[in-house]
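Structure record follows, encoded as structure tokens.
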């Protein structure tokens, strides 16, 4: 049987957008963190994203800027294949508007989308 060299006859494989998750837990409750991780995974599956990893900051207050998990997230957001990251709510970034602005500026240095699960169900709008 002859093989076709016609590109139109070759099925196109569409890659799902690659995203990362981020959680901030002021009180490092491992059960709650595990549940949030599961929710992020289910959300990504429903939305058609490939969830590469989830970064978590444990014991980090909402007004704290130094965050090892967020630093790791910012590193992977610079990877060209990364579409964005998923958070359950803005509260996982911060409750303080000033801190949100600073974090938004750091994130805006990448081309990553911020996907907030509780504000944009079924939508991938950026929150700022």
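The values are calculated or read from the model by the stated rules, or taken from the named source; none is laboratory data. Keep in mind that what you see is a predicted model, and the values were worked out from it rather than measured. Counting neighbours? That spans all protein chains shown, and the Cβs are built from the backbone with ideal geometry, glycine included.
Taking the listed residues 48, 59, the one that is more than 11 Å from the chain's Cα centre (by Cα) and under 23 Å from residue 15 (Cβ atoms) is 48, with no other qualifying. Against the condition in contact with a helix residue (DSSP H, G or I) (Cβ under 7 Å, 6 or more places away or on another chain) and under 18 Å from residue 16 (Cα atoms), how does residue 51 come out, does it pass? Yes: the conditions hold for residue 51. Of all positions in the range 76-88, at least one carries a residue that is in contact (Cβ under 8 Å) with a residue 60 or more places away in the chain, surrounded by fewer than 12 Cβ atoms within 10 Å (Cβ to Cβ) and not in a helix (DSSP H, G or I). Only a single criterion out of (1) surrounded by 13 or more Cβ atoms within 10 Å (Cβ to Cβ); (2) farther than 24 Å from residue 96 by Cα; (3) at pLDDT below 95 is not satisfied by residue 46, namely (1).
Yes or no: residue 69 under 29 Å from residue 15 (Cα atoms), touching a strand residue (DSSP E or B) at 6+ places or on another chain (Cβ under 6 Å), modelled with pLDDT of 95 or more and in a helix (DSSP H, G or I)? So residue 69 fits the description; yes.
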